Every structure is written in structure tokens, then in C-alpha cells.
Amino acid sequence: MRRNKGGGRIINLSSILGHQHCFPCPVYCGSKHFVIGFSRSMGSDFYFCQTGVKVMTLCPGVTLSSMVTESGERPQLEGFGDTSKALHDELYKLPTQPSEVCGNHIVPILEADINGSDWISEDNEVYRVKRVDRHTLRIC
């Protein structure tokens, strides 16, 4: 994946929880926030101009895997009470989807081909995350 070989595309995998909090699993959320920030940084024109590689991020919503379906069965955050039940309850407040939906959503992301973009795959649809200008975040 070098510029002289035609460049390439990287799609990093994060989570919908990289765009919101989920109090029972702060370490998981923090790691997913990192993936988004890292991918956005690596997906800048600075790196693309040097490498020819575009970087995008796929953020699946709650995907029905053992990690989700068994979330109420194992402790998540030792020393803070029963966070496993709280995690299970929080996850099932969100729409769920089968894992093959995420795989199907890779094609539209590659077709859009937007360097530094991140995408949410949730409730059987995929959409690009709109970024907010940090200068407009001020509450007056």
C-alpha cells in the first residue's frame, strides 16, 4: 500500500460507543474513542499525500455477538458493583443488528472513499458521522 503501488485503503473498526458514553464500560468506550481519533488523524491530507493511503473508520452499533448477548453474565468493572447488569441494560436500549450487516456496510464506505471519515453501521443502515466545528460548541 505505497503511493507508487497505487496507494490503499484502511478501514479501522471502532464502535458506536466511540461516539457516546456507556458508564458500565469506560475502558471499552475510551479505547473506541481512541480508534476514532487516531483514524481521523491518520486520515489527514498530511499522511495521504505521503503514502497514498486513505483511512476511514467503521463504528458498528450494537451487534449481536457473544460479547453483547453474554454482557449480563460477567463482571465488567471490578470494584464497582454489578456493572454487568447495567451494561446489558444499556446495550439493549440501543437498536441491535446481526454481524453480517456490518460486513455489507464496508462496500458503501469504500465507494464513498472519503479520507478521515467515520461511519456508523446501526439499525441496518450506514451513515457518515457529521463533524461539529469545535468553535461552535460554546454554550452562551
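Taken together, the values in this text are just the output of simple stated rules run on the coordinates, not laboratory data. Keep in mind that this is a model prediction, so the values were computed, not measured. A quick note on method: Cβ atoms are made from the backbone with ideal geometry, for glycine too, and the neighbour counts reach across all protein chains shown.
Quick one: Debye curve from the alpha-carbon atoms of the chain only, equal weights, vacuum; give me log10 I(q)/I(0) at q = 0.10, 0.17 Å⁻¹ to two decimals. These q points yield log10 I(q)/I(0) values of -0.40, -0.97.
Per residue, the chain reaches -10000 deg cm²/dmol at 222 nm when only DSSP H runs of four or more residues are counted, each adding -39500 (n - 2.57).
I want the local charge near residue 8. Using Cβ-Cβ distances under 13 Å, sum +1 for each Lys or Arg and -1 for each Asp or Glu among the other residues. Mind dumping the intermediate values first?
Numbers: positive: 2, 3, 5, 9, 54; negative: 113.
Taking every Cβ under 13 Å from that of residue 8, the sum is +4.
Fewest-first ordering of 49, 25 by other beta carbons within 10 Å of each residue's beta carbon gives 49, 25.
Distant-in-sequence amide contacts of residue 55, defined by a placed amide H-H separation under 5 Å and a gap of 5 or more residues or a different chain, comprise 10, 116. Taking every alpha-carbon pair under 8 Å whose residues sit at least 6 apart, the chain reaches a relative contact order of 27 percent.
Taking Cα centre as origin and charging only the Cβ of basic (Lys, Arg, +1) and acidic (Asp, Glu, -1) residues, the dipole magnitude of region 3-136 rounds to 660 debye. Cα centroid separation, region 76-117 to region 1-25: 13 Å.
Fewest neighbouring Cβ atoms within 10 Å first, the residues 128, 134, 40 line up as 134, 128, 40. Ranking 127, 24, 94 by Cα position along the charge dipole of the chain, where only Lys, Arg, Asp and Glu carry charges on their C-beta atoms, puts 127 farthest toward the positive end. Straight-line cross-link reach from residue 130 at under 20 Å between alpha-carbon atoms covers these lysines, not counting any fewer than eight positions away in the same chain: 32, 54.
Taking 0.36 nm per residue of sequence separation and subtracting the Cα-Cα distance, how much length would be gained by fully extending the chain between residue 19 and residue 132, in nm to one decimal? Write out the running numbers ahead of the final one.
Details: separation 113, 0.36 × 113 = 40.68 nm, distance 1.24 nm.
Separation in residues times 0.36 nm, less the Cα-Cα distance, equals 39.4 nm.
Rounded to the nearest 0.05, the FRET efficiency derived from the C-beta distance between residue 44 and residue 123 at R0 = 30 Å is 0.50. In this structure, residue 100 and residue 5 have a Cβ-Cβ separation that, at R0 = 25 Å, corresponds to a calculated FRET efficiency of about 0.20.
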